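A quick write-up on the structure given underneath.
The values are calculated or read from the model by the stated rules, or taken from the named source; none is laboratory data. As the structure is a prediction and not an experimental result, all values here were calculated from the model. Cβ placement follows ideal geometry from the backbone for every residue including glycine, while neighbour counts extend to all protein chains displayed.
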Amino acid sequence: MEIAFTALVAEALGTTPFRLLDVGCSGGLDPRWRAFGERLQAIGIDASRAECARLAEAETLPGVEYVPGFVAGIAGRPVDLVRGQASPLIMAIRERLSFMRTREIRAARLAKAEFEEQLRHNAWELTELADSTRPVAVADLLASRGWTEFDYLKIDIDGSDFEVLQTLDGKLKPAGVLGVQLEVNFVGTHAPNEHAFHNTDRFMRKQGYELFRLDVRNYSSRALPARYVWPTPAETLTGRPFQGEAYYAPDFAIRALDAAKLLKLAAIYAAWGVPDMAAELLLARRSELAESIDIDNALDLLAAMAQPDRVRKLDYRSYMRSFEADAPRFYRREGDYTLGERVAAAWAAFRFPRR
């Protein structure tokens, strides 16, 4: 439903583009943004030259390009691939995790594998790389493309993310950036330049952005590996919170935005899985947006997103009436457990009958 909502917003935008900067675009752009269709303009940057070439060959939209290169941080220095892009402490903790042991086990095979498999294992350093001694400066790249403003920023480059983010200090709001998606670390020191969540969060709030979503990824130790979440070695079902994804945007009730920016912001909220914020925006700014978009239709799409477990979705008004009536559907029923929870309870009763 978020795709349908984004498509509705895209139609309402007319010829106004949605501009996205993806720093660390390995694997391609998030498919959700392709709902903007021809209005999508994007620049993807990645250290893997081979991956940029693959993505460029497969790209179907004329406004999307891929630039191979390492991205310069606040010091503008070349990337030290021997030392690693992250701090020594984070690199040391990383070495203790189970996914690194799996990479060691598979090292010989990965060295000879096709670059697609190397990227699936996040072994981007084994692929054909851009020149690390000539890093790309984000501000210079945007200027060369004539991007005086853009809508969305994503940074995921496995290490120097916070260094790169700091090059945009004081520039995000003037550039009209609405959504910022950042990979963050939940380990590290108290150092002010450490690529850790607390520093990222402090920085983004200083820029005038609020946290609207936070995903936490757990990683197990190689001393007792847990099952991987995905078919490739990365995050695990249990383990310490090591990395995650933080999503920042302005609060529309505080930031003054024109109609086009408001519509884009609503699409971003919805794409992030917070349709409630998109609905609040549409209701609060109905008078400004009613000429551009069918508000009631948009609210129905957002209400459908809030009902993932229902085959027959209630429209927005029916959904709200149901809430105002304090309907049971808004509560978890007593004894309504998932299959996994039932199996775990049965196993616990079998092992510890006296409990």
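Points worth noting:
- Scanning the stretch 259-279 for residues that are in contact with a strand residue (DSSP E or B) (Cβ under 7 Å, 6 or more places away or on another chain) and modelled with pLDDT under 95 turns up nothing.
- Criterion (surrounded by 14 or more Cβ atoms within 10 Å (Cβ to Cβ) and at pLDDT 95 or above) met by exactly one of A325, A298, A284, A290: A298
- For the stretch 26-48, the condition of being in contact with a helix residue (DSSP H, G or I) (Cβ under 7 Å, 6 or more places away or on another chain), closer than 16 Å to E128 by Cβ and not in a loop (DSSP other than H, G, I, E, B) holds for at least one residue.
- Pairs, first at negative phi and part of a strand (DSSP E or B) in the stretch 210-223, second exposed (fewer than 14 other Cβ atoms within 10 Å of the Cβ) and among the polar types (S, T, N, Q), C-beta under 7 Å, six or more apart: N218/T238
- Residues being assigned to a strand (DSSP E or B), surrounded by fewer than 21 Cβ atoms within 10 Å (Cβ to Cβ) and of a type in the set (A, V, I, L, M, F, W, C) - total across the stretch 243-269: 1
- Some residue of the stretch 2-17 being over 21 Å from A259 (Cα atoms), under 21 Å from the mean Cα position of the chain (by Cα) and acidic (D, E): no
- Filter result for A234 (surrounded by 14 or more Cβ atoms within 10 Å (Cβ to Cβ), assigned to a loop (DSSP other than H, G, I, E, B) and under 23 Å from the mean Cα position of the chain (by Cα)): yes
- Qualifying residue in the stretch 183-190 (condition: within 20 Å of Y152 (Cβ to Cβ) and crowded, with 18+ Cβ neighbours inside 10 Å): yes
- Taken across the stretch 179-188, residues that are of a type outside the set (S, T, N, Q) and assigned to a helix (DSSP H, G or I) do not occur at all.
- Within the stretch 95-111, residues that are within 17 Å of T238 (Cα to Cα) have Cβ atoms under 9 Å from residues that are modelled with pLDDT of 95 or more and of a type in the set (A, V, I, L, M) in these pairs: R96/A223; S98/A223; S98/L224; S98/A226, counting only partners at least 6 apart in sequence or on another chain.
- Each residue in the stretch 210-242 was checked for being among the polar types (S, T, N, Q) and at pLDDT below 95, and 1 of them qualify.
- Selection count, the stretch 246-269, where residues are of a type in the set (S, T, Y) and closer than 22 Å to R202 by Cβ: 2
- Test: residue in the stretch 67-87 that is in contact with a Phe, Trp or Tyr (Cβ under 6 Å, 6 or more places away or on another chain) and either modelled with pLDDT under 95 or of a type in the set (K, R) (or both): yes
- Sub-8 Å Cβ pairs linking a first residue in the stretch 49-63 that is under 18 Å from V136 (Cα atoms) to a second residue that is buried (at least 18 other Cβ atoms within 10 Å of the Cβ) and among the charged types (D, E, K, R), at least 6 apart or interchain, are C52/D46, ordered by first then second residue.
- Matching residues in the stretch 22-64 - criterion: being closer than 27 Å to L8 by Cβ and in contact with a Pro (Cβ under 9 Å, 6 or more places away or on another chain): F36, E38, R39, L40, Q41, G63
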